[in-house]
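Structure first, then comments.
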Ligand SMILES: [Zn+2]
């Protein structure tokens with residue numbers, strides 16, 4: 001099973017790893033709500049994690065108001 005990371009803002013693929021040991025990835029440190037928002041499982045049993053890419057992280061740091069548009073981008 002693969003775990004796919006993608007940017008939650010621009011949907012850039014950040015990479016995939018083949019590891020199903022969620023504990024090692026720190027998923028167990030997330031609360032229920034964070035899990036639901038960040039982690040999705042598709043019908044093939046693959047895991048999709050919403051992260052943030054460098055570009056968007058930079059944009060958010062440089063433009064703190066940018067997060068207001070987050071809902072439009074999703
Ligand atoms: Zn991005």
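Worth a mention:
- The order of 34, 6, 46, going from fewest to most other C-beta atoms within 10 Å of their C-beta, is 34, 46, 6.
- Distance between the pseudo-spin-label points of residue 63 and residue 17 (7 Å out from Cα toward the beta carbon): 3.1 nm.
- Treating r as the C-beta distance of residue 48 and residue 28 and R0 as 22 Å, the FRET efficiency rounds to 0.80.
- Gain upon complete extension [residue 37, residue 2; 0.36 nm per residue less C-alpha separation]: 10.7 nm
- Against the empirical 2.2 N^0.38 Å (N residues), the stretch 2-68 has a Cα radius of gyration ratio of 1.21.
All of the numbers you see were taken from the coordinates with simple rules; none came from a lab. As the structure is a prediction and not an experimental result, all values here were calculated from the model. Backbone-built Cβ (ideal geometry, glycine too); neighbour counts: all protein chains shown.
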